[in-house]
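None of the figures in this text is laboratory data; all of them are computed from the coordinates on show. Every value quoted in this text rests on a predicted model; they were computed, and no experiment measured them. Cβ placement follows ideal geometry from the backbone for every residue including glycine, while neighbour counts extend to all protein chains displayed.
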Amino acid sequence: MLRGRRAGRRNVETAELNITAFMNLMVILVPFLLITAVFSRLAILELNLPGSSTEAAEPQEQTFQLEVTVRKDRLEVGDRNQGAMGVYPNLPDGYDYDGLATKLREIKERYPEKTDAAILLEGDIAYDTLVQVYDRVSVREEIEEGTIVRYDLFPVISIGDAPVTEGGA
């Protein structure tokens, strides 16, 4: 009996795997998925954080260094070495972004080669405020012939903490 079972197994042929239908599916499916895939593009803004040096610069090294300080009640534009160039108190509906943009255009006309600026923020300033100020500092938008044209103002931006005012604010 034992021999009969073994003899029966020897006669069984192995079935071949037919993958033709699967290969046809892959040939169609892979290009279709590649064509319909949505490729996302990531945009990264490179920020330069200011150093922690508190030493005063030597007189021959002092150059114009634009700083835009965002406080809870106002926007300040100034030079790190010379001081304030403009203060823009909040309007009833929020920060005076138009006044800031106008002042930055004037500064760019005075210093056309200047490309860097620092945005200094007090604590508890909303992220949206930072984005609005960042946009005004980096780019100027004008409408020419029915289209919006963008011009670089100060595209190299550093972000840091605003110095504490005398009033402790």
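If you scan the range 71-89, which residues turn out to be out of contact with any strand residue (DSSP E or B) (no Cβ under 6 Å at 6 or more places or on another chain), surrounded by fewer than 17 Cβ atoms within 10 Å (Cβ to Cβ) and assigned to a loop (DSSP other than H, G, I, E, B)? Hits for the range 71-89 are LYS72, ASP73, ASN81, GLN82. The requirement of being of a type outside the set (Val, Ile, Thr), in a loop (DSSP other than H, G, I, E, B) and surrounded by fewer than 17 Cβ atoms within 10 Å (Cβ to Cβ) is not satisfied by GLU106. Before we move on, is VAL139 of a type in the set (A, V, I, L, M) and surrounded by 11 or more Cβ atoms within 10 Å (Cβ to Cβ)? Yes: the conditions hold for VAL139. Contact annotation: residue pairs with Cβ atoms under 7 Å, 6 or more positions apart or on different chains, pairing a residue in the range 79-94 that is among the aromatic types (Phe, Trp, Tyr) with a partner that is not in a strand (DSSP E or B), are TYR88/ASP96; TYR88/GLY99; TYR88/LEU100. Annotation note: of VAL68, VAL149, VAL164, VAL131, the sole residue that is assigned to a strand (DSSP E or B) and either among the hydroxyl-bearing types (Ser, Thr, Tyr) or surrounded by fewer than 16 Cβ atoms within 10 Å (Cβ to Cβ) (or both) is VAL149.
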